[in-house]
Amino acid sequence: MDRPDRTIIAHWWNPPHIIPVVELVKGQYTSDQTVDLVYELLKSIGKKPVKILKEVPGFLGNRLQFALYREVLSCLKEGVASAEDIDSAVKGTFGFRLPTIGPLETSDFGGLDTYLNIAEYLFKEIDRSTEPPEMLREKVIQGKLGVKTGEWFFSYPPGKVKEKIKERDRQFLKRLKCLYLK
């Protein structure tokens, strides 16, 4: 690369025309001027850029998302709850709060002493595997890839996918207008 100081990663989330955050990942040689330029460009088109100050595998959002995903798969495997109830629990509890207050703000409101108390016993119980679970590998080998093939955790008959995407986007747009377009 001739100009590594002008190299930056802009990581968009799906669906990119709706999700407001774009992660800006600064490389080892990326200049602050490049970061500021791309940051302002993204703001000018209505995005909410988040500066990732150090390049790490998965960036920030995917690291957080896959930490949750690892525990979700562990709970499913252990029979803690059904796929439907796991999704309902996430969407209706902390997922409900997250658009308004993030995880660090939530801990501030809950009290760091309370969070420390919970962390002292719960962290020992949370899945710490470093390999994808066998259940996930088996489903992929069986060709059960979710929406791509019409099944895995949930069934996706032909008309249901378009209907689900339409409802997802309707709710996302409503949330976008409520939280980000003021």
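Calculated from the alpha-carbon coordinates, segment 60-140 shows an Rg and a Dmax of 14.2, 42 Å respectively.
If you wrap segment 143-182's Cα atoms in a convex hull and average its projection over all directions, what's the area in nm²? Projected over every direction and averaged, the Cα hull of segment 143-182 covers 3.3 nm². When DSSP beta bridges are restricted to pairs lying wholly in the chain, around 60% turn out antiparallel. As an equivalent ellipsoid, the chain spans semi-axes of 30, 23, 20 angstrom, where each value is the square root of five times an eigenvalue of the C-alpha gyration tensor, largest first. When each of V161, V56 is scored by the number of other beta-carbon atoms lying within 10 Å, the sequence from fewest to most is V56, V161. Suppose we flag GluC sites (Glu not before Pro) only when DSSP calls them loop and at most 13 other Cβ atoms lie within 10 Å. Which is the longest uninterrupted stretch of the chain? The segment 126-182 is the longest one with no such site. Annotation for segment 1-86: trypsin sites (Lys or Arg not before Pro) lying in DSSP loop with at most 13 further Cβ atoms inside 10 Å of their Cβ are K54.
Computed extension length for H11-Q65: 18.0 nm, one decimal, from 0.36 nm per residue of separation with the Cα-Cα distance subtracted.
Each reported figure results from applying straightforward, stated rules to the coordinates on display, with no laboratory input. Everything numeric in this text was worked out from a predicted model, so none of it was measured. All Cβ positions, even for glycine, are placed from backbone atoms using ideal geometry, and neighbour counts span all protein chains on display.
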